[in-house]
C-alpha cells in the first residue's frame, strides 16, 4: 500500500492532475490487476449476503416505496429488482435494491477513522452489470475495487467528526468500481469520481435525533447518483476539480480545513485489492456496535430470574458505541420505546433491554 498526503491546495498553486486524490483513485480503478482467489470468494459471499438481507426486507414499507418508484422506469434491457418481475433502468434498480440491502441494517460493516457499510456498493454494480451483460469476472473486479476505494477512504478520512454522512465515501467508490467493471480509462473514472463525491456529500443528521427511513435511502441515492455520474463522464462531461483538495473543496470547507493533511492509503500499481477481506458481516439485524451487547444479554438471560427486579443497567462500552448509539450521543429519542425502528436501531439501551427480555 502507498500512503498519499491529501490537503487543500490554492487555485494559484501548481498542482498537477496526477497528484489529485480523485486521479489516484481513477488509476487504481483502471489498473487491470487480477483478483486473488480469496477476494473472489469473499465478493461472492458478499453478493449472497446482500441478496439474503434484501429478501428479508422486501415487504418493508421503505423498500416497497423505492420498488414502486423503480417500476415507473421499466425497460426491455435493464436490471432486475428484488420482489418483482421485469427489468428496469439500472439507476432505478440500484435505487430500489440499495434500499432493500440497507433497510434492516443487516449487511456488512467496516470501521476505521470513519464508519461504512461497503456492501452498499454492490446493488449499483450488479444493476449496471445486468443491463450491459457484463461478465461475472468483471463484476467481481468492480466490486473488489469499490470495496477497496471506500474502505481506504474510511481508513484515511474521518467524516463524522465534521457531521458529514459516511455516504460521502460511497459515491466515489461506486464510481470507481463501475470504472473497473466497465474497463474505463482513468480520465473518465476521474470525472465520475469527482461528480459522485460532489453530489453525495450530505450532513449526518440522517443518523441523528429522529432517524427516519432516509437512513436506508441515503446509500441507495449515492449508488444511483454514481451510476448517473459515470454515464455523464462516459459522454465526455467533466467534474469539479480538484474535488477533495480544491480551495473551495471538500477538505477546505466540509472537513478539517486547509491546514490539515489526511493520510490516505491506496494500493500501488499492480498491487491486488484486498480490502474486502477486512470487512465483516453481522449476526443480528442491528447497528454493528450492538452485536456484542446483544450476545451478552442473551447469555445473561438464563442467569437472571425476574426481570422486573432490575432497576437500572449500566453498560461499559467503547467510545464509538457510547457516542453513536449510547448516552454519549445526547439523543433523548434513543430512550423512547415508541421511537422509529431506525432510531431504536441506533439505541444500545433499547437493543440491550429487548435482547435481555427475549433471551
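Each reported figure results from applying straightforward, stated rules to the coordinates on display, with no laboratory input. The structure presented is a predicted model; accordingly, all values stated were derived computationally and were not measured. Don't worry about glycine lacking a Cβ; one is built from the backbone with ideal geometry, like all the others, and counts go over all protein chains shown.
Of all the Cα-Cα pairs you can form in the range 288-358, what percent are over 13 Å apart? If you can, show how the numbers build up before the last one.
Numbers: 1586 of 2485 pairs.
Beyond 13 Å sits 64 percent of the P(r) for the range 288-358.
If R0 is 35 Å, what FRET efficiency do you get for residue 14 and residue 205 from their C-beta distance, rounded to 0.05? Walk me through the intermediate numbers first.
Numbers: r = 38 Å, r/R0 = 1.09.
That pair, residue 14 with residue 205, gives E of 0.35.
Between the range 139-215 and the range 40-99, the C-alpha centres lie 19 angstrom from each other.
Just need the relative contact order of the chain here, percent rounded to a whole number, with Cα pairs under 8 Å and 6+ apart.
Values: 692 pairs, mean separation 84.0, N = 359.
After rounding, I find 23 percent.
Summarised as an ellipsoid, the range 181-225 has semi-axes of 28, 11, 5 Å, derived from the eigenvalues of the Cα gyration tensor scaled by 5 and square-rooted, with the largest first. A protection proxy built from the mean count of other Cβ atoms within 10 Å ranks the segments 12-19, 169-176, most packed first, as 169-176, 12-19. Listing 244, 214 from fewest to most neighbouring C-beta atoms within 10 Å gives 214, 244. Could you point to the label whose value was computed as Cα extents along the principal axes in Å for the structure here, given (i) 67, 63, 58; (ii) 67, 52, 37; (iii) 59, 49, 45? The value matching this structure is (ii). Using the Kirkwood radius over Cα pairs, work out the Stokes-Einstein diffusion coefficient for the range 65-174 at 37 °C and 0.692 mPa s, in µm²/s as a whole number. Rounded, D is 226 µm²/s.
Would you mind calculating the relative contact order of the range 288-358 from Cα pairs under 8 angstrom and at least 6 residues apart, reporting the percent as a whole number?
Values: 54 pairs, mean separation 31.3, N = 71.
The value is 44 percent.
Helical runs assigned H by DSSP (4 residues or longer) give the chain a calculated mean residue ellipticity at 222 nm of -15000 deg cm²/dmol, each run adding -39500 (n - 2.57) before division by the residue total. Packing here is the average count of other Cβ atoms within 10 Å per residue, and on that basis the peptides 137-150, 225-238, highest first, run 137-150, 225-238.
The angle separating the long axis of helix 122-132 from the principal Cα axis of greatest extent in the chain is about 40 degrees. With Cα atoms defining each centre, the range 114-136 and the range 292-343 are spaced 34 Å apart in the structure. From most to least packed by mean Cβ count within 10 Å, the peptides 320-327, 3-10 give 320-327, 3-10.
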